[in-house]
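Contents: one structure, followed by commentary.
The values are calculated or read from the model by the stated rules, or taken from the named source; none is laboratory data. Keep in mind that this is a model prediction, so the values were computed, not measured. Cβ placement follows ideal geometry from the backbone for every residue including glycine, while neighbour counts extend to all protein chains displayed. Surface areas here come from the heavy atoms of the whole protein model, side chains and all, with no ligands, DNA or RNA. Shrake-Rupley method; radii C 1.70, N 1.55, O 1.52, S 1.80 Å.
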Amino acid sequence: MARTTDFSPLEGLKGRSILRLTDLSAAEIRGVVTLARALKADYAAFRGVLAQRALAMLFEKPSLRTRVSFEIGFQKLGGCVSFLDHRNERIGARETIADYGRNLERWADGIVARVFSHETLTSLRAACSAPIVNALSEIAHPCQALADAQTLVEHGVALESCHLAWLGDGNNVCLSLMELTALMGGRMTVVTPASHRPCTTLTAEIQAIAAKTGARITLTDDPAAVAGADAVYTDAWISMGQQECPEKVASLRNLSVTPELMQIAGPRAKFMHCRPAHRGEEVVDPVIDGPQSVVFDQAENRMHAQNALLLALLGALPASANPRTLAMQA
Ligand code: CP
Ligand code: NVA
């Protein structure tokens, strides 16, 4: 008999917004990963669970993975999506952010937004009763971190004891992974030049969470600190919205993920990248295309993790049940 999956840890998420990973508890993150894996295993069992539901997607920046995984993912479960391209006109330019959000929520059950300023998300959350989901801001990429949590678990790494090594710029993805580590109680080594460490205010906030959970987050500029890591993670040196800066690139050159660096990490270490990747900069081909790389699993899992999150936020969770039973009921 197939195992029953219990989604009750996610019930309290109904109606909430997720702007940072710290908007979730450790139990809720575990619940999202469990539901994401159930979805991935058997989409047919969840057929139609989002019928009549609509999602508005506002993007001020380009996207491949986030846009497609939300659009296809939501529609696979029976919902419909409306994409609002804000690459040429910032949200709030034509009417206030609050008015914009209050219009949208009359049609859409949830709002997903990729923005230049995190404040756009907090303004939307303040104005709307519909859940707001951060699809990337300058300080956070929580949906990426949820997919990464799923990917680590699938590759046999327990989040509670995971040692994640970050190399490169201390950016939005780095901060969300620090939040993941702090919440779950694992370990993270953040290797950046001293001039490109993650935001000090947010780091202090995250370290305060880590102090409570027993997580260990260490900041260093020494790439040898990746030794023994479960995963080595990197990202673009210049994020969307940042100025091209040759000095910054020069200061990051010794943090490129090369086969030599992966050797220091060890044969067990997975290579991770949220992408888009800049081959020859933060990572070289033999690593991203090599046997330790799990980058396509990360990309695939964006869809499953986001769908799991949205089912919970929209109050569309299946009852605690065997997914195969759900299929028979559909
Ligand atoms: N990782 C990620 O968010 O990719 P996109 O920018 O293509 O959405
Ligand atoms: N740090 C990158 C992530 C892209 C998914 C950026 O913000 O551009």
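How much of the accessible area of the chain, probe 1.4 Å, is carbon plus sulfur, in whole percent?
Exposed carbon and sulfur together represent 51 percent of the surface.
Among DSSP beta bridges whose residues both lie in the chain, state the antiparallel percentage, nearest 5.
Taking every DSSP beta bridge within the chain, about 5 percent pair in antiparallel fashion.
Report, as a whole number in µm² per second, the diffusion coefficient that Stokes-Einstein gives for segment 50-92 at 37 °C and 0.692 mPa s using the Kirkwood radius over alpha carbon pairs.
Approximately 302 µm²/s, per Stokes-Einstein.
Quick one: what Rg and Dmax do you get for the chain from the alpha carbons, in Å?
Cα only, the chain: 19.4, 60 Å (Rg, Dmax).
Rg and Dmax of segment 125-236, Cα atoms, in Å?
When restricted to the Cα atoms of segment 125-236, Rg and Dmax are 13.9, 47 Å.
What is the angle, in °, between the Cα long axis of helix 142-154 and the longest principal axis of the Cα atoms in the chain? Nearest 10 is fine, range 0 to 90.
Here the helix axis deviates by roughly 80 degrees.
Would you mind checking 61/270; 14/76; 76/270 for any pair whose Cα atoms are more than 25 angstrom apart?
Where the Cα-Cα span goes over 25 Å, the pairs concerned are 61/270; 76/270.
Treat every Asp and Glu Cβ in segment 103-192 as -1 and every Lys and Arg Cβ as +1, leave all other atoms uncharged, and give the resulting dipole magnitude about the Cα centre to the nearest 20 debye.
100 debye
Which one of 150, 182, 236 has its Cα pushed farthest toward the positive end of the charge dipole of segment 140-265, where Lys and Arg give +1 and Asp and Glu give -1 at the Cβ?
Farthest towards the positive pole: 182.
How much accessible area does residue 63 have with a 1.4 Å probe, in Å² rounded to the nearest 10?
40 Å²
To the nearest 10 square angstrom, what accessible area does residue 195 show with a 1.4 Å probe?
Approximately 90 Å² of residue 195 is accessible to the 1.4 Å probe.
How are the Cα pair distances of segment 88-191 distributed, in percent, across 5 Å bins from 0?
Final binned percentages: 2, 12, 19, 19, 14, 12, 10, 8, 4, 0.
Treating the angle as unsigned and between 0 and 90°, give the value, to the nearest 10°, between the Cα long axis of helix 200-213 and the longest Cα principal axis of the chain.
80 degrees
Residue 201 accessible area, nearest 10 Å², 1.4 Å probe?
That residue has around 100 Å² of solvent-accessible surface.
Could you work out how far the C-alpha centroid of segment 56-73 sits from that of segment 257-280, in angstrom?
Between the Cα centre of segment 56-73 and that of segment 257-280, the gap is 26 Å.
For segment 157-309, what ratio Rg/Rh do Cα atoms give with a Kirkwood hydrodynamic radius?
The Rg/Rh ratio comes out at 0.94.
In segment 14-113, if the dipole is taken from +1 on Lys/Arg beta carbons and -1 on Asp/Glu beta carbons about the Cα centre, which of 86, 26, 75 is farthest to the positive end?
26
Under 8 Å for C-alpha pairs, at least 6 residues apart: give me the relative contact order for the chain, rounded to a whole percent.
24 percent
What number comes out for the charge environment of residue 186, summing +1 per Lys or Arg and -1 per Asp or Glu over other residues with Cβ under 9 Å away?
Its environment carries a net charge of 0.
Grab the other residues whose beta carbon is less than 15 angstrom from that of residue 201, score K and R as +1, D and E as -1, and report the net.
-2
Considering only the other residues whose Cβ falls under 12 Å of the Cβ of residue 89, what net charge follows from Lys and Arg at +1 and Asp and Glu at -1?
0
Which one, 101, 45, 121, is farthest towards the positive end of the dipole of segment 1-126 when Lys and Arg carry +1 and Asp and Glu -1 on their Cβ?
Toward the positive end, the furthest listed residue is 45.
Taking square-rooted eigenvalues a ≥ b ≥ c of the alpha carbon gyration tensor, is segment 8-133 rounded, prolate or oblate, where a/c under 1.5 means rounded and, failing that, a/b exceeding b/c means prolate?
prolate
Please report, in debye to the nearest 20, how large the charge dipole of the chain is about its Cα centre when each Lys and Arg carries +1 at its beta carbon and each Asp and Glu carries -1 there.
In total the dipole reaches around 840 debye.
At q = 0.20, 0.24, 0.26 Å⁻¹, work out log10 I(q)/I(0) for segment 6-55 with the Debye formula, treating every Cα as an identical point scatterer and leaving solvent out; two decimals please.
Debye output, listed in q order: -0.84, -1.08, -1.14.
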